Amino acid sequence: GKDMAQLFTHVLKCIALPHLEIKKLVYFYVVHYAQVDPDLTLLAVNGFIKDAADPNPILRALAVRTMASLRVDRLVEYLCEPLTRA
């Protein structure tokens, strides 16, 4: 495969879309490329937190699972809030 890390900012914009299938693809992409640019990964945290508070249990679980899968040390503090609400 080709390195698609240069599309990171464009893909992050798609987190706000309401379609579950697109969110799954975006979350998969973010997990895959999070280590390439941890600073840009922090931009996705707000979208993860919003989705972790969504009424849809599938979307909530997807957001929490994705945040837990990211290998970025600075995200641990943001993961605590959605987990305590769950």
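Out of the residues in segment 60-72 that are touching a helix residue (DSSP H, G or I) at 6+ places or on another chain (Cβ under 8 Å) and part of a helix (DSSP H, G or I), state the one that is nearest to Tyr27 (Cα to Cα).
Restricting to residues being touching a helix residue (DSSP H, G or I) at 6+ places or on another chain (Cβ under 8 Å) and part of a helix (DSSP H, G or I), the top hit is Thr66.
For segment 1-39, give me each residue that is among the small types (Gly, Ala, Ser) and surrounded by 12 or more Cβ atoms within 10 Å (Cβ to Cβ).
If the condition is that a residue be among the small types (Gly, Ala, Ser) and surrounded by 12 or more Cβ atoms within 10 Å (Cβ to Cβ), then Ala5, Ala16, Ala34 are the ones that fit.
Would you check if there is a residue in segment 53-60 being among the charged types (D, E, K, R), within 17 Å of Leu20 (Cβ to Cβ), within 14 Å of the chain's Cα centre (by Cα) and open to solvent by 80 Å² or more (accessible area, probe 1.4 Å)?
Taking every residue of segment 53-60 in turn, at least one turns out to be among the charged types (D, E, K, R), within 17 Å of Leu20 (Cβ to Cβ), within 14 Å of the chain's Cα centre (by Cα) and open to solvent by 80 Å² or more (accessible area, probe 1.4 Å).
The values are calculated or read from the model by the stated rules, or taken from the named source; none is laboratory data. Keep in mind it's a predicted model, so treat the numbers as computed, not measured. Note that each Cβ is placed from the backbone with ideal geometry, even for glycine, and that neighbours are counted across all protein chains shown. To get the accessible areas, we keep the full protein, side chains included, count just its heavy atoms, and leave off ligands, DNA and RNA. Shrake-Rupley method; radii C 1.70, N 1.55, O 1.52, S 1.80 Å.
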